[in-house]
1. Restricting attention to region 179-200, does a residue exist that is touching a helix residue (DSSP H, G or I) at 6+ places or on another chain (Cβ under 6 Å), among the β-branched types (Val, Ile, Thr), over 27 Å from Ala261 (Cβ atoms) and in a strand (DSSP E or B)?
2. Given the residues Ala507, Ala503, Ala480, which is the only one that is farther than 27 Å from Glu604 by Cα, of a type outside the set (S, T, N, Q) and surrounded by fewer than 24 Cβ atoms within 10 Å (Cβ to Cβ)?
3. Please work out which residue is surrounded by the most Cβ atoms within 10 Å (Cβ to Cβ), limiting yourself to region 514-528 and to residues that are among the small types (Gly, Ala, Ser) and assigned to a loop (DSSP other than H, G, I, E, B).
4. Scan region 82-94 for residues that are surrounded by fewer than 17 Cβ atoms within 10 Å (Cβ to Cβ) and among the small types (Gly, Ala, Ser) and jot them down.
5. Does region 340-358 contain at least one residue that is assigned by TED's automatic domain parsing to the domain that holds Ala133, touching a residue at least 60 places away in the same chain (Cβ under 8 Å) and of a type in the set (Phe, Trp, Tyr)?
6. Quick one: which of Arg441, Arg405, Arg445 is within 21 Å of the chain's Cα centre (by Cα), surrounded by fewer than 22 Cβ atoms within 10 Å (Cβ to Cβ), under 20 Å from Met506 (Cα atoms) and among the charged types (D, E, K, R)?
Amino acid sequence: MSLDLKILQKAANEARGLAIDAVHASSSGHLGLPLGAAEVGAVLFGHALRVNPAQPRWLNRDRFVLSAGHGSMFLYTWLHLTGFDLPMEEIRNFRQLGSKTPGHPEYPLTPGVESTTGPLGQGVGNGVGMAVAGKMAAARFNTQKHPIFDYKVVVLAGDGCFQEGVAMEASAFAGHFKLDNLILIYDSNDVTLDAMAEKTQSEDTAARYRAMGWEVRQVDGHDMAAFLQAYEAARQGRGKPQLIIAKTEIARGIPEVAGTAKGHGEGGAKFAEAARKALGLPAEPYFVSEEVRDYFFRHGEVLARKCEEWEACFEAWKKDEPEKAALLETAGTAPDAAGLLEVIPEFAADAKLATRKAAAEVLQPIAKAMPLLMSGSADLHGSTLNMIEGGGDFEPGTPVGRNIRFGIREHGMAAILNGIAYDGVFRASGATFLVFSDYCRPSIRLAALSHLPVVYIFTHDSVGVGEDGPTHQPVETVSALRLIPNLDVIRPADPEETAGAFAAAMARLEGPTLLALTRQALPTLASIPTTERRQGALNGGYVARRENGDLKLILLASGSELQHAMAAAEELGEGIRVVSMPSFERFDRQSDDYRESVLPAACERRVAIEAGVTGLWWRYVGSAGRVVGIDRFGLSAPGGKVMDHLGMTARHLVAVARELL
């Protein structure tokens with residue numbers, strides 16, 4: 001099907017009309033990008049992108065990410081016109097309760113939306129992750145006869161995205177790793193929300209990206225022939241990621257605000273009627289001409305045929321490569337937690353290991369059982385110990401490698417992990433020190449919002465870090481992470497709980513899981529049967545020590561403080577139960593009967609201990625209980641002395657418990 005610039009220009013103007021009508025009807029939204037980049041959208045969705053609206057998750061589709069998610073009507077309009085399952089009724093319901101057209105694109109809510117965007121720069125990081133996944137998939141599954149993975153990742157971003165640090169971290173990573181399957185389109189309109197962009201930026205973006213190892217082109221974003229020429233050249237890759245700087249006029253089509261900061265947001269809605277007339281559109285709102293409908297219908301047929309051709313190649317590949325096909329079939333599936341635990345050897349009863357070290361040992365059999373698992377670290381493999389042995393490094397010459405060296409780019413790492421997870425073939429995991437989760441937190445939050453099964457292996461989980469001092473000693477961090485909906489936080493107490501924590505994380509597909517692991521060595525709690533510790537971590541909480549005689553008091557603990565609760569119970573004598581609570585979230589999902597069996601409501605005498613802030617523990621100890629914690633920052637000294645100084649000892653716990661007895 002040949003390129004018809006006349007009809008695509010008509011489609012661009014009608015797309016502008018749809019955006020104007022939807023924003024005007026909802027009295028909210030952002031018109032600037034949908035109007036300013038309409039020609040870019042027409043070329044991409046009306047000609048250049050290889051997608052199949054009938055199969056939105058087709059494995060070899062081009063991935064399109066709208067990093068500038070505030071311009072969501074751009075994406076919704078083009079998905080609608082292209083034939084995705086987004087009927088006009090959804091366009092009319094833009095930003096309304098229950099619609100598939102929310103204020104910012106959400107995955108997996110809307111067919112054709114590849115990632116949840118809105119926080120600026122995130123989509124750039126997500127796109128880099130998808131490009132990494134594409135390189136990994138091609139290296140792992142392609143054959144010379146059947147190159148089943150050759151898709152491109154296309155990201156549309158604006159000035160705001162390029163000002164955000166996460167985008168720059170991810171862009172530097174992409175340049176270094178030569179991700180030539182990535183095309184980043186810069187909607188360069190010289191405007192940010194508050195003012196003209198010159199008020200806040202003066203860098204040479206083209207020079208900056210060339211310095212990071214990108215190939216750069218600049219075109220008039222309203223010249224569709226020029227843009228298509230740049231895009232087709234970018235698809236060739238040539239060993240570098242591609243940046244197309246498309247100079248556009250923001251809010252083009254509304255003369256009163258076009259090219260100004262007022263065009264960014266809602267400023268043009270009051271000019272809707274005049275704008276539609278100036279664009280040559282009829283008075284009828286939500287108008288799409290039969291000519292444009294027919295063009296996109298015929299284009300859809302072309303796209304469907306391309307997908308069918310690929311499917312024929314894919315079927316031939318499956319016959320020729322049954323082992324690879326069987327492996328690919330496992331993509332997106334969850335391993336059985338019990339099955340994973342069977343392949344993890346038990347630890348010696350007298351073992352004394354940091355849970356980060358136990359995790360390193362647990363990871364290896366899990367990696368063998370999960371060949372599509374990858375593991376990355378923010379320049380800390382030597383400390384986080386999450387290297388997959390024999391997995392090799394992911395590098396331009398060896399994209400089959402399973403270990404990714406992200407460099408000191410925590411936020412970029414987390415956004416890239418999300419992109420790998422969105423892509424859906426590989427299981428993403430990454431590591432840094434727990435205190436630096438604050439650098440990752442926006443991406444972690446989006447992983448939870450989008451139900452991405454990312455696994456975070458975060459070490460150095462408490463003031464037990466010691467000499468590095470309060471800058472590296474998380475006290476509020478675990479509780480802060482527990483507040484994120486749909487994020488499981490697991491803080492295991494010994495090697496066997498660590499095994500259970502890993503099995504729980506890998507078996508969970510509904511959202512991300514964060515493992516908080518110690519730097520300091522912990523004793524193996526051999527008095528608790530191995531199966532109970534492992535299953536207890538899966539359940540989130542369990543009875544680690546059952547009372548002798550009548551129940552008088554319950555001690556609760558997580559992580560490195562469980563050893564102190566066990567020792568305190570021995571000293572306190574009969575009637576003392578110890579409950580291990582490695583994961584609040586997993587425990588709260590258990591049945592009422594199970595939770596009552598662990599924490600019977602009749603026993604109100606409860607004391608919790610954790611090397612962190614106390615606030616969240618009150619939900620379990622109640623108003624009659626006590627919490628032994630650290631509601632201050634730490635200090636620099638050997639870890640054991642810090643713990644002792646701040647009351648993280650069995651001795652202190654016994655003293656507090658006796659106040660209730």
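1. So far as region 179-200 goes, yes, one or more of its residues are touching a helix residue (DSSP H, G or I) at 6+ places or on another chain (Cβ under 6 Å), among the β-branched types (Val, Ile, Thr), over 27 Å from Ala261 (Cβ atoms) and in a strand (DSSP E or B).
2. Numbers: Ala503 fails: surrounded by fewer than 24 Cβ atoms within 10 Å (Cβ to Cβ); Ala480 fails: farther than 27 Å from Glu604 by Cα.
None of the other options fit; the residue is Ala507.
3. Going through region 514-528, the residues among the small types (Gly, Ala, Ser) turn out to be 516, 521, 526-527.
Retained after the next criterion (residues that are assigned to a loop (DSSP other than H, G, I, E, B)): 526-527.
Numbers: Ala526: 15, Ser527: 11.
So, considering only residues that are among the small types (Gly, Ala, Ser) and assigned to a loop (DSSP other than H, G, I, E, B), the one surrounded by the most Cβ atoms within 10 Å (Cβ to Cβ) is Ala526.
4. Those that are surrounded by fewer than 17 Cβ atoms within 10 Å (Cβ to Cβ) and among the small types (Gly, Ala, Ser): none in region 82-94.
5. Within region 340-358, not a single residue is assigned by TED's automatic domain parsing to the domain that holds Ala133, touching a residue at least 60 places away in the same chain (Cβ under 8 Å) and of a type in the set (Phe, Trp, Tyr).
6. Answer to the selection: Arg445.
Conditions (1) aromatic (Phe, Trp, Tyr); (2) free of Cβ contacts under 8 Å to residues at least 12 places away in the same chain; (3) farther than 20 Å from Thr477 by Cβ; (4) in contact with a His (Cβ under 7 Å, 6 or more places away or on another chain), marked per residue:
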position	(1), (2), (3), (4)
Leu572	no, no, yes, no
Phe587	yes, no, no, no
Asp592	no, yes, yes, no
Pro600	no, no, yes, no
Ala608	no, no, no, no
Asp644	no, yes, yes, no
Ala655	no, yes, yes, no
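This table checks each residue for (1) crowded, with 21+ Cβ neighbours inside 10 Å; (2) over 22 Å from the mean Cα position of the chain (by Cα); (3) in the same structural domain as Ala234 (by TED's automatic domain parsing).
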residue: Trp78; (1), (2), (3): yes, yes, yes
residue: Gln96; (1), (2), (3): no, yes, yes
residue: Glu106; (1), (2), (3): no, no, yes
residue: Thr117; (1), (2), (3): yes, no, yes
residue: Val124; (1), (2), (3): yes, no, yes
residue: Val128; (1), (2), (3): yes, no, yes
residue: Ile148; (1), (2), (3): yes, yes, yes
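The values are calculated or read from the model by the stated rules, or taken from the named source; none is laboratory data. Every value quoted in this text rests on a predicted model; they were computed, and no experiment measured them. Using ideal geometry, Cβ is built from the backbone for each residue, glycine included, and neighbour counts are taken over all protein chains shown.
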